[in-house]
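Have a look at the structure that comes next, please.
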Amino acid sequence: MGNIIGDINAIDRCGRRYRTDALEPLGLKGCHGRYLREICRNPGIFQEQLTESVLVNKSNVARQVAALEEGGFLERKACGKDKRMLRLYPTEKTLALMPRIEEILNSWDRTLLQDLSDAEQELLEEMLQRIRRRAAEAVAED
């Protein structure tokens, strides 16, 4: 058997470099695309929920959310009486850029999958989702 995890890691590193290069002219880092996508899809998402959905630790999410807020890409609003519970909202700036951000994120997927048939793409997606669930379960058990 080949080095499946090594291949997945190499694909991830290439994707990070692609997103970094493509998003930089917009004033964003490579990791920001998926954060903003999630916030735009779920305006008012709690920062804690964002942490869970992007599978990144709390300190990294807090740091990137602060950078996005400073750059004018999102707003953090305290929720009710508990000032620690922060809801995240996209700004007009982000909403205007979102079609371009989506195009960048989607073009990477198209590049990777262009040589696979529809059936192969569906099978790959199914297998990766099973592996992702297993990985999440393994981490949750710790």
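Report, in whole Å, the centroid distance computed from the Cα atoms of the range 10-24 and the range 74-142.
The distance from the Cα centre of the range 10-24 to that of the range 74-142 comes to 15 Å.
Charges on Cβ only, +1 for Lys and Arg, -1 for Asp and Glu, centred on the Cα centroid of the range 28-142; of Leu105, Ala66, Ala119, which one is farthest towards the dipole's positive end?
Among Leu105, Ala66, Ala119, the one farthest towards the positive end of the dipole of the range 28-142 is Ala66.
Where is the GNM fluctuation largest for the chain (alpha-carbon springs, 10 angstrom cutoff): Lys93, Lys58, Lys81?
Lys81
Same structure again: What three numbers, in Å, describe the spread of the alpha carbons of the range 1-99 along their principal axes, ordered from the longest?
54, 29, 20
Which ³J(HN,Hα) values, rounded to whole Hz and listed in residue order, are derived for the range 45-53 from phi using the Karplus coefficients 6.51, -1.76 and 1.60 in 6.51 cos²θ - 1.76 cosθ + 1.60 with θ = phi - 60°, glycine and proline given as x?
These are the phi-based 3J(HN,Hα) values: 4, 6, 4, 4, 5, 4, 4, 5, 6 Hz.
Tabulate in residue order the Karplus-calculated ³J(HN,Hα) for the range 102-118, using 6.51 cos²θ - 1.76 cosθ + 1.60 with θ = phi - 60°, rounded to whole Hz; enter x for Gly and Pro.
Once rounded to whole Hz, the list reads 4, 4, 4, 5, 6, 5, 5, 4, 4, 4, 5, 9, 4, 8, 9, 5, 4.
To the nearest 20 Debye, how big is the dipole of the range 1-97 about its Cα centre, given +1 on the beta carbon of each Lys and Arg and -1 on that of each Asp and Glu?
Values: 17 positive and 12 negative charges, 47 e Å.
Value, rounded to 20: 220 debye.
May I pose another question? Return the FRET efficiency for the residue pair Arg100, Ala67: r is the Cβ-Cβ distance, R0 is 25 Å, and the value is rounded to the nearest 0.05.
On the way: r = 19 Å, r/R0 = 0.75.
The pair Arg100/Ala67 has a calculated efficiency of 0.85.
Same structure again: Which of rounded, prolate, oblate describes the range 60-136, given a ≥ b ≥ c as roots of the alpha-carbon gyration tensor eigenvalues and a/c under 1.5 marking rounded, otherwise prolate only if a/b is larger than b/c?
Oblate, since a/c reaches 1.5 and b/c is not below a/b.
Since every read-out is calculated from the coordinates, none of them should be taken as a lab result. If you're wondering where the values come from, they're calculated on a predicted model, not measured in any experiment. Using ideal geometry, Cβ is built from the backbone for each residue, glycine included, and neighbour counts are taken over all protein chains shown.
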